[in-house]
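Worksheet: one structure, shown below.
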Amino acid sequence: MALPVPISFEFFPPKTPEGARKLCAARAQLYAAGPQFCSVTYGAGGSTQAGTFDTVRQILAEGVAAASHISCIGATRESMRANLVALRDMGVRRLVALRGDLPSGFGLGGEFQYASDLVAFIRAESGRHFHIEVACYPEMHPQARNPQDDLRAFAAKVNAGADSAITQYFFNADAYFRFVQEARKLGIAAPIVPGIMPITNAAQLLRFSDACGAEIPRWLRLRLQSLDGGDPQTIRAFGLDVVAALSQRLIDGGAPGLHCYTLNQAGPVLALCERLGL
Ligand code: FAD
């Protein structure tokens, strides 16, 4: 049985040969779910560029559509042009175009301010060669002044030429539905695919969510805190229930696909796919 909507998977470039072997095994398992594409993140300020491009190359060689994330903060037009040529030569047809965040201590420098500048640059340089995904934030990007400004920033990326969007992960379906409704009112027709974060490690999720501005609802935070440090199987089973119910609600409410943040692990995402009827 196939999933009722397309699914895509996100990986990060491994740092060690052991990590690379594990990721290769995870990918092989995940391909059974028939992803529309697999994407690979791009470290702050281009710090993982070689690893990102290597992983993208491997996915393409495995016969699966690959999307490279690419971030523009701190980059020059010249370096970005070279990246686009390299990606094009590798056979990449899909990008996730981001502003990114510079690690603290780095000056801004660079010739791009926002992701919308990058999207416009990619279109000017490469025409329609790439399908361009951008990020969006149903619970607002943490640096935005207010939700309306953030929505306008999203609209600017679509108007600059983005084809579709992937959201930051969230656990509140209503935030997603409202965001989509408001985007449509602003004239944004691009598909908005929810980003899905499996719950496998309570402490890690709580820490990560605080940093990226994803809200953990009080009931969920309290449950996770009470399970933290306990039996990992119990946390995984609870996390699967929560994320499967969220995903089902999103699909039933018209989400055009699901984009899973795999954290380079196959198990939790495959369990989710099974729960959703694959
Ligand atoms: P932008 O769209 O440029 O927005 C950044 C901020 O600027 C927002 O607050 C926005 O409201 C504001 N803004 C935008 N345009 C304007 C304007 N014209 N005037 C005033 N304000 C404006 N990070 C990585 O480093 N590597 C990755 O691979 C990566 N992948 C990601 C994938 C997804 C699906 C998501 C959701 C996030 C990802 N991130 C990644 C994180 C992302 O880089 C950060 O969230 C970053 O802080 C913002 O990037 P952006 O592309 O959304 O920026």
(request) Could you run the Karplus curve 6.51 cos²θ - 1.76 cosθ + 1.60 with θ = phi - 60° over region 3-16 and give me ³J(HN,Hα) per residue in whole Hz, x for Gly and Pro? (result) 5, x, 9, x, 10, 9, 10, 10, 10, 10, x, x, 9, 10
(request) When you have a sec, figure out the Kirkwood radius of the chain from all distinct Cα pair distances and drop it here in Å to one decimal? (result) 19.3 Å
(request) Using only the alpha carbons of region 1-103, determine the length spanned along each of the three principal axes and report them from longest to shortest in whole angstroms. (result) 46, 30, 25
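For region 160-235, what is one quarter of the convex hull surface built on the Cα atoms, given in nm²?
The directionally averaged projection comes out at 6.1 nm².
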(message) Given the -39500 (n - 2.57) contribution per DSSP H run of 4+ residues, what per-residue ellipticity at 222 nm results for the chain, rounded to the nearest 500 deg cm²/dmol?
(response) -15000 deg cm²/dmol
(message) Can you give the longest run of the chain that contains no GluC sites (Glu not before Pro) sitting in a DSSP loop with at most 16 other Cβ atoms inside 10 Å?
(response) 112-214
(message) Not counting ligands, DNA or RNA, and with a 1.4 Å probe, what is LEU186's accessible surface area in Å² rounded to the nearest 10?
(response) 90 Å²
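How large is Rg over Rh for region 85-216, taking Rg from the Cα atoms and Rh as the Kirkwood inverse mean of 1/r across Cα pairs? Numbers along the way, then the final one.
Numbers: Rg = 15.6 Å, Rh = 16.0 Å.
With Rh from the inverse mean 1/r over Cα pairs, Rg/Rh is 0.98.
For LYS15, LYS157, LYS185, give me the order by solvent-accessible area with a 1.4 Å probe, most accessible first, ignoring ligands, DNA and RNA. Numbers along the way, then the final one.
Working: LYS15 195, LYS157 25, LYS185 165 Å².
Heavy-atom accessible area, descending, gives LYS15, LYS185, LYS157.
Around HIS131, under 12 Å between beta carbons, what's the net of Lys plus Arg minus Asp minus Glu among the other residues? List each step's numbers first, then the result.
On the way: positive: ARG93, ARG94, ARG123, ARG128; negative: GLU133, ASP163.
My count for the surroundings of HIS131 gives +2.
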(message) Please report the accessible area of THR48 (heavy atoms, 1.4 Å probe, ligands and nucleic acids excluded) in Å², nearest 10.
(response) 40 Å²
(request) Provide, for q = 0.11, 0.19, 0.22 Å⁻¹, the log10 of I(q)/I(0) from a solvent-free Debye sum over equal Cα point scatterers in region 135-278. (result) -0.42, -1.15, -1.42
(message) About the Cα centre, and with charges only on the beta carbon of Lys, Arg (+1) and Asp, Glu (-1), how big is the dipole of region 7-276? Nearest 20 debye, please.
(response) 240 debye
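Just to be sure I follow: if Rg is taken over the C-alpha atoms of region 16-59 and Rh is the Kirkwood radius over the same atoms, what is Rg/Rh? Don't skip to the answer; put the middle values down first.
Details: Rg = 11.3 Å, Rh = 11.3 Å.
With Rg and the Kirkwood Rh in hand, the quotient comes to 0.99.
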(message) Based on Cα coordinates alone, diagonalise the gyration tensor for region 58-130, multiply each eigenvalue by 5, take square roots, and list the semi-axes in whole Å, largest first.
(response) 23, 14, 10
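For PHE171, PHE177, what's the largest-to-smallest order of accessible area, 1.4 Å probe? Kindly include the intermediate steps, with their values, before the conclusion.
On the way: PHE171 25, PHE177 55 Å².
Sorted by accessible area, descending: PHE177, PHE171.
Suppose we keep just the DSSP beta bridges with both residues in region 7-276; what percent of those would be antiparallel, to 5?
In region 7-276, approximately 0 percent of DSSP beta bridges are antiparallel ones.
The values are calculated or read from the model by the stated rules, or taken from the named source; none is laboratory data. All figures in this text were calculated on a predicted structure; none of them were measured in a lab. Quick reminder, even Gly has a Cβ in these numbers, built from the backbone with ideal geometry, and neighbours come from all protein chains shown. Just so you know, the surface numbers come from the protein's heavy atoms only, side chains and all, with ligands and any DNA or RNA stripped out. Shrake-Rupley method; radii C 1.70, N 1.55, O 1.52, S 1.80 Å.
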